[in-house]
1. Is there a residue in segment 119-137 that is open to solvent by 10 Å² or more (accessible area, probe 1.4 Å), in contact (Cβ under 8 Å) with a residue 24 or more places away in the chain and touching a helix residue (DSSP H, G or I) at 6+ places or on another chain (Cβ under 7 Å)?
2. Of everything in segment 260-277, what is closer than 21 Å to residue 238 by Cα and not in a helix (DSSP H, G or I)? Give them in sequence order.
3. Would you check which residues across segment 45-65 are farther than 17 Å from residue 18 by Cβ and part of a strand (DSSP E or B) and list them?
4. Out of 27, 49, I need the residue that is closer than 20 Å to residue 68 by Cα, of a type outside the set (D, E, K, R) and either crowded, with 17+ Cβ neighbours inside 10 Å or touching a Lys or Arg at 6+ places or on another chain (Cβ under 8 Å) (or both). Which one?
5. Here are 280, 200, 260, 240: which of them is touching a Cys at 6+ places or on another chain (Cβ under 9 Å) and at pLDDT 95 or above?
6. Residues that are open to solvent by 30 Å² or more (accessible area, probe 1.4 Å), within 21 Å of the chain's Cα centre (by Cα) and within 19 Å of residue 156 (Cα to Cα): does segment 74-90 have at least one?
7. Looking only at segment 173-190, count every residue that is of a type in the set (Phe, Trp, Tyr) and either closer than 17 Å to residue 263 by Cα or open to solvent by 20 Å² or more (accessible area, probe 1.4 Å) (or both) and tell me the total.
8. Is segment 22-36 home to any residue that is of a type in the set (A, V, I, L, M, F, W, C), more than 22 Å from residue 195 (Cα to Cα), without any contact (Cβ under 8 Å) to a residue 40 or more places away in the chain and not in a helix (DSSP H, G or I)?
Amino acid sequence: MNCHFKMVSIIVPIYNAEKVLKRCVESILHQEYHDFELLLIDDGSNDNSWAICKNLMLKDTRIRAYHQNNHGASSARNLGIQECNGEYVVFIDCDDYVSSSYLSDFDLANDYDFQIQGFTLTYPDRSLDKTIIPALSGPCAVVDLLEECELNSLIRGPVCKLFKRDLLIKYKLEFPKYLTYGEDAIFVKQYLLYCNEKCKVIAKSNYYYTHESSDSLTSRFHSGIELYKASLGEYQVFNKLCEKNPCLSNNLITHFKWLKAIDIYQSIHNIIIDDNLTYKEKKLLIDSLDNSIMKFVRGTKKLPIKFKLLEFCYNKLASSCYIHILRVLYK
């Protein structure tokens, strides 16, 4: 099929983004590749975001705007997947923006299951900007993609990636609605479970991930319970990827183990200091942590001291012996 007939659906979840939304949308409308639809999903904003969405929709026929009650980024993105019509799907966060060649630099002429580009982290002080571009370039297998992109954190979120809508629909893939943190990493890894050996890495950076907004769908505080659930969910999907791809390197597995150890011990830390939980609730939560993930992260090297202490307490002591003590220490 000619690449000009392969429409791309761009899904933008929105929450209280009135200050940055127009910048995001303008960067999309100035794409060199024109065959796209833009779905703006307002997730119950309480500022002028929805009004801006409706106004933008009137100015360009490629834009469709949807409004829902506040259910989080997962729900907003899932609605976009349900309503989109393109052969390919990309996700862009409302406080980010893209260069004019973002879409055209994806290979839209060939039938890849999954494509990924690099991105640039931007800060108010632009001298701190950091660009991450994959060293690997061109067609590759899922194993090669994981080896390259998990190690440099490119794989974790849904942005700077091109998904096939047919795969999303066929396998009923969606963002976990029970999470408002870590759902994006789970979604991407779940998608990779169903990819054939038809992936492509583009060694370019066209996506600008900003650190300017503190009130967006991806910047809310998350409790220890939520962080634990997200960590467990990603670990379980990663296990399935390892089973499907048994030649993944020890280096990659060790890196993932370190990431999950940081998350798991941070979640225990947050549970212990959470004033909204009673002592009994804290004890019940800690005692019910999944044995397999706790065994997986045991003995992780190069942990911060406070996490080494948590690891020792969890593995050597009864929770009743350290919850009160660590709560005072961490406070």
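The values are calculated or read from the model by the stated rules, or taken from the named source; none is laboratory data. Model, not experiment: these values are computed from the prediction. A quick note on method: Cβ atoms are made from the backbone with ideal geometry, for glycine too, and the neighbour counts reach across all protein chains shown. For accessibility, only protein heavy atoms count, side chains too; no ligands or nucleic acids. Shrake-Rupley method; radii C 1.70, N 1.55, O 1.52, S 1.80 Å.
1. Yes.
2. none
3. 64
4. Just one listed residue meets the conditions, 49.
5. 200
6. no
7. Taking segment 173-190 first, the residues of a type in the set (Phe, Trp, Tyr) are 175, 178, 181, 187.
Next cut, either closer than 17 Å to residue 263 by Cα or open to solvent by 20 Å² or more (accessible area, probe 1.4 Å) (or both) only: 178, 181.
Qualifying residue count, segment 173-190: 2.
8. No, that holds for no residue.
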